[in-house]
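A short write-up of the structure that comes next.
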Amino acid sequence: MYLTHSNAFTLAATIAAYEEGDAWVGELIAYLEGTVNRIDGFLKEELPAINMSPVEGTYQVWLDCSATGLEGDALKAKLSESGFGATPGTWFDQKATRFIQVNIAAPRADIETAFKQFKTVIDSSGASD
């Protein structure tokens with residue numbers, strides 16, 4: 001943390017977070033788990049060709065798009081076409097051309113809308129079969 005580069009509220013906010021943040025963190029974790037469960041259910045029902053790895057971090061899901069046949073630039077183009085915000089797997093590993101990472105730090109309704117947009121584009125490419 002950059003406590004030496006702070007403003008007047010940093011110290012008070014940090015202390016408050018540590019002393020009184022347990023309930024908020026609990027609610028946040030429950031909300032994120034609910035979002036992950038919704039994504040998992042959506043993928044299993046609507047996009048079975050895309051597999052989600054077990055979630056290890058708070059706000060990120062790692063999706064394997066290998067079964068769609070899309071990879072690299074074609075996958076990136078489909079993501080861009082759908083307006084689906086995801087980071088290409090190659091940002092993390094040059095060999096991960098068929099993977100994407102999705103940040104789920106957003107309202108659940110926005111995440112659901114984004115995944116529906118993604119499904120529309122994957123379906124229209126014939127890659128969901």
Under the helix-only model (-39500 (n - 2.57) for each DSSP H run of 4 or more, divided by the residues of the chain), the mean residue ellipticity at 222 nm, to 500 deg cm²/dmol, is -16500 deg cm²/dmol
Estimated distance in nm for a label pair at ASN37 and TRP91, the labels positioned 7 Å out from Cα along Cα-to-Cβ: 2.9
Between LYS116 and ASP73, how many nm apart are label points set 7 Å from Cα along the C-beta direction? 3.3
The alpha-carbon pair-distance distribution computed for the chain, with 10 angstrom bins and whole-percent values, is 12, 37, 26, 15, 9, 1
Measuring from a point 7 Å past the Cα of ARG108 along Cα-to-C-beta, which residues in segment 31-64 have an amide N at less than 14 Å? 31-42
Among VAL61, ILE29, PHE92, the residue whose Cα sits farthest towards the positive end of the charge dipole of segment 6-129, when +1 is placed on the Cβ of each Lys and Arg and -1 on the Cβ of each Asp and Glu, is PHE92
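Values in this text are rule-based calculations from the coordinates and carry no lab data. Remember, predicted model here, so these are calculated numbers, not experimental data. Ideal geometry is used to build each Cβ from the backbone, glycine not excepted, and the neighbour counts take in all protein chains shown.
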